[in-house]
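Participant: Okay, handing you the structure first.
The values are calculated or read from the model by the stated rules, or taken from the named source; none is laboratory data. Note that this is a predicted model, so its numbers are computed, not measured. Because the Cβ atoms are built from the backbone with ideal geometry, glycine has one as well, and the counts that use them run over all protein chains shown. All accessible areas refer to the heavy atoms of the entire protein, side chains included, with ligands and DNA or RNA removed. Shrake-Rupley method; radii C 1.70, N 1.55, O 1.52, S 1.80 Å.
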Amino acid sequence: MLTVEDALGLILDHAQPLAPAVIPTIAALGCVLAEKITSDIDSPPHDKAIVDGYALIAADIRSPNIELQVLEEVTAGEVPTKTVEPGTATRIMTGAPLPRAADAVVMVEHTQSYGDKVRIQQPLVKSGQNIMRRASSLARGQTVLSAGKLVRGIELGLLAEVGRAAVSIVPRPRVAVLVTGNELVESSTFPLPGQIRNSNGDLLHGLVEQAGGIASQLGIACDNEEDLTSLIGEGLSSDVLVLSGGVSAGVLDLVPATLQKLGVQQLFHKVNLKPGKPLWYGVKISAAGSKTLVFGLPGNPVSSLVCFELFVRPTIQKMRGLPPTGLARRRARLIIDHQQRGDRPTYWPAALCENEVKPLPWKGSGDLRTLADANCLAFFPAGERMYRASEEVEVLLFD
Ligand code: AMP
Ligand code: MG
């Protein structure tokens, strides 16, 4: 059986960043830039006042209560018309261009105005005070963002500042989610005997979106070849198809065989981990040359979750043009003893608080309820052993 590391290596060998596309900048949130961005302007475009007050010549102020003649008033959006001479000042608002020859601004709070004069209460004014110099934030022609940068709200603002209404990005992958199982019913209905609600559809939808993919749900496929064939066929038009259920050894676990009949080439089936061992992975290349990566996740919700975090998340990251690092990892100290059982490396739901981690009383891969109290998975390598409180273990932090 493959190790987690080898399985991830194989998966990522087949995942590539998607081809860049130019889109409206406002739609680029969460995408990675595929081009470097240079500025077409200086910012600020002029020496500007950063407070409301009076623009003046600093050398004029040598003692408190010097009086200056006020020449004009300039608000943001206007342009000064007069040069400040010794003994004069211009009333200026935040953001407005500094008048010629002025070299400082005094805050209105430190002044007293009467008629067309102003009294400067400060005894001393430093040249350059309360002025932001032209191009001090960024200069025309300067690179302000590099290719590979993730677009957050901050970058949207900066792109707008440098006049980019459209931008070349790596698209977010389209990820179709297909759940399988005769026992599954929609969450809007009350299950009859033998039935359970489909929780994986929404679970995986949420995880895909959290990982930066664009999720779509194909609904519930019954465990028969006809249903599976038609819905898997639909899913193969996406960049990634994530299936849940039907990949174990049950008589109705028809997913691997159906995938192969549809031309999805199997790269592996089963990985040495707990939970999530039955994981299936394959690739379909369409006649037109487009590629779909296909994950068959085991149906138990926590198995699906763990496989998603270990394998699907890094794949989505790589397709988005990001490093495929998966969940953030760190070390933390156990606050209770924990018995590791069995011969498979185990990812155990846990609650991390500062440097301390508590493995939760988890009932196994069907117990999603306990996961609501978890903010990480604690990793225990293969091999039966008692881990003692205060021992350090590796944890993988949920998003
Ligand atoms: P399977 O991998 O199909 O053998 O399913 C393993 C277990 O997960 C069974 O108990 C299923 O009922 C359960 N299961 C499968 N699919 C889902 C789903 N979409 N939502 C919740 N539980 C599921
Ligand atoms: Mg099933």
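Participant: Please work out how much accessible surface Leu8 shows to a 1.4 Å probe, ignoring ligands, DNA and RNA, in Å² rounded to 10.
Facilitator: Rounded to the nearest 10, the figure is 40 Å².
Participant: Now a separate question. Find the relative contact order for region 329-397 and round it to a whole percent, using C-alpha pairs within less than 8 Å whose residues are 6+ positions apart.
Facilitator: Answer for region 329-397 is 48 percent.
Participant: Residue separation times 0.36 nm, minus the C-alpha to C-alpha distance between Glu72 and Asp399: what's the value?
Facilitator: 112.2 nm
Participant: What length, rounded to one decimal in nm, is gained on full extension from Ile23 through to Glu356, with 0.36 nm per residue of separation minus their alpha-carbon distance?
Facilitator: Here the segment from Ile23 to Glu356 would lengthen by 115.5 nm.
Participant: Using Cα pairs closer than 8 Å and at least 6 residues apart in sequence, work out the relative contact order for the chain, in percent.
Facilitator: In percent, rounded to a whole number, it is 16.
Participant: If you wrap a convex hull around the Cα atoms of the chain, how much volume per residue is inside, in Å³?
Facilitator: Measuring per residue, one finds 204 Å³ for the Cα hull of the chain.
Participant: Same structure, new question: Placing +1 on the Cβ of each Lys and Arg and -1 on the Cβ of each Asp and Glu in region 48-132, which of Met107, Val74, Ala59 has its Cα farthest towards the positive end of the resulting dipole?
Facilitator: Ala59
Participant: A follow-up question, please. If each of Asp202 and Thr143 carries a label point 7 Å out from its Cα toward its Cβ, how far apart are those two points in nm?
Facilitator: According to this spin-label approximation, the distance is 4.6 nm.
Participant: Then there's this: Sorting Trp280, Trp362, Trp348 by accessible area (1.4 Å probe), largest first, what list results?
Facilitator: In descending accessible area the options line up as Trp348, Trp362, Trp280.
Participant: If the only charges are +1 at each Lys and Arg Cβ and -1 at each Asp and Glu Cβ, what is the size of the charge dipole of region 48-132 around the Cα centre, to the nearest 20 debye?
Facilitator: 180 debye
Participant: Which translational diffusion coefficient, to the nearest whole µm²/s, is obtained for region 48-132 from the Stokes-Einstein equation, given a Kirkwood hydrodynamic radius over C-alpha pairs, 37 °C and 0.692 mPa s?
Facilitator: 272 µm²/s
Participant: If each residue of separation counts as 0.36 nm, what is the full-extension length gain between Arg388 and Arg330 once their alpha-carbon separation is subtracted?
Facilitator: 19.0 nm
Participant: For the Cα atoms of the chain, what angle does the longest principal axis make with the long axis of helix 4-13, in degrees from 0 to 90, nearest 10?
Facilitator: 70 degrees
Participant: Please give the charge dipole size of the chain, origin at the Cα centre, charges +1 on K and R Cβ atoms and -1 on D and E Cβ atoms. Round to the nearest 20 debye.
Facilitator: Roughly 700 debye, rounded to the nearest 20.
Participant: Using a Gaussian network for the chain with springs between C-alpha atoms less than 10 Å apart, which of these wobbles most: Asn198, Asn300, Asn355?
Facilitator: Maximum among the listed residues: Asn355.
Participant: Using a 1.4 angstrom probe on the protein heavy atoms only, line up Asp47, Asp239 by accessible area, largest first.
Facilitator: My answer, sorted largest first, is Asp47, Asp239.
Participant: Nearest 10 degrees is fine. How inclined is helix 200-210 to the longest principal axis of the chain, computing both from alpha carbons?
Facilitator: Its long axis makes an angle of about 30 degrees.
Participant: Between Leu262 and Glu226, how many nm apart are label points set 7 Å from Cα along the C-beta direction?
Facilitator: If labels sit at Leu262 and Glu226, their model points lie 1.7 nm apart.
Participant: Whole number in Å², please: accessible area per residue of the chain, 1.4 Å probe, ligands, DNA and RNA not counted.
Facilitator: With the other protein chains kept in place, the chain gives 46 Å² per residue.
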